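Here is the structure we will look at.
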Amino acid sequence: MRFGTSRFFAALPYLGLALALLLSTWAFVRSDRYRQETDEILNQTYEIQWRATQVRERLVRVHGYIRLADEAGKLDPDINRQMALVSVNIAQLLALPYLQHFFPQKDIELLENVRRTVEQNVAPVVEAGSNYADALDHMTNLEQDMYEISSATVDHSTTLQETAQIDIAASRNWFMFAIALGLVAIFYLITHQRHAYVSRRDRHMRSFASLFAHMTRSRVTALRLFLEGTGSEQPPREEMLKAARSAANELESINDGLLKIAFLQRDSHVLPLAKLLLDLEGRDGIVQLSVDSEAGTQAVPATQFQLVLSELVQNALTAVENTDRPSVVVKASVVQRPFFRRNVLFLEVADNGVGMTPEVLRKAKTPFFSTRAGNHVGLGLTGCSQMVATLNGRLFIDSKPGAGTVVKVRIPIGA
């Protein structure tokens, strides 16, 4: 459960970044769509207002012509053209597909009534050339109706524009929220990565301390037994002196090796992998190599690889001690991964020894766990795994009882 929770929190900032990206994209698209709708509303409003203005101007001219005719008794011939333009502009206005978005039904009916009044009440008076007073009464009402229609158009278009601006502002707020969410996710990711780095460093320090204790415990015990034996009057036996010197030499060798590991720098000593593997070839007349050319020429940190390879090969040799036809094969290859701009070095140590039971396999990487008796100077599988981890690699173990063991190491290298 704890592992699943940690994975969730590790993935949380990436989910936040993905959500922020989706929100910002959605908000940007919506804002752009609202801007387009606002522009479309402005164009439609301009079209309606322009045609309504044309109708009003023509009605004013018709009204003026009729008033002059009523006073002077002479009608201007241009009045017929002006009335025709009134009818044409009203017809085009009514034909607009978006008119209902701006005009309520009563204004549309009022507009139709204006055209009908001009055609049925004003036009006959003009043709007859008499009773201009009746036409003047109609014209006054028509101008008032067109004024109301134009005012309603302006008010409604203003409302639509304000609504669109509110939508744009809302989308902008969503966009700002997405940016804020992205920043929070980034800061969380930085904090999480820093915490992961500190945890990884602490884990390596604990593993290093465990490795040191694992490799020195038996030697310290031997020295303590020797010191306890020197308290008697009899001089220490030769075998005790020899064991003490051997333990001291082993401790010194262990300390030197661990110090090299602990203070290893980026520009540390490197060697071609083939040179390190050649030292293992034919070991005990059992070890065989299978190395491709690219892997053999790959420069690797000499100290780490030598310690890891020596331990893995020694484990394999120990596993095949009681095998009729012992076999230990060390393989090395490089897999090209140009998409990630780095390659991967694969190492494999396979034996046909006794193998491991599932219980032993589960404990194989546990600190201090060992199936060997007596002194053991090597890293152990725990140390090998941690050593590989310092190289940003991973170690895998595949083993079955009676079927041997295969240890695989995967380490990223420069492309």
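Values in this text are rule-based calculations from the coordinates and carry no lab data. Please read all numbers here as calculations on a predicted model, not as lab measurements. Positions of Cβ are backbone-derived with ideal geometry, glycine not excepted, and every protein chain shown enters the neighbour counts.
Our estimate of slack between Ser246 and Val88, defined as 0.36 nm per intervening residue step minus the Cα-Cα distance, is 45.3 nm.
Straight-line reach from Lys363: taking Cα to Cα under 20 Å and skipping same-chain neighbours fewer than 8 places apart, the lysines in range are Lys400, Lys408.
For the pair Leu361 and Arg35, label points projected 7 Å from Cα toward Cβ lie 6.1 nm apart. Taken over the alpha carbons of region 26-124 as equal point scatterers, the Debye sum produces base-10 log I(q)/I(0) values at 0.13, 0.15 Å⁻¹ of -0.57, -0.68. The local environment of Tyr132, defined by Cβ-Cβ distances under 13 Å, has a net charge of -4 under the rule Lys, Arg +1 and Asp, Glu -1.
Which shape class, rounded, prolate or oblate, goes with region 14-55 when its Cα gyration tensor gives a ≥ b ≥ c as root eigenvalues, a/c under 1.5 marks rounded, and past that a/b bigger than b/c marks prolate? Since a/c reaches 1.5 and a/b is larger than b/c, the shape of region 14-55 is classed as prolate. Packing, as the average of other Cβ atoms within 10 Å across residues, places the peptides 309-321, 352-364 in the order 309-321, 352-364, highest first.
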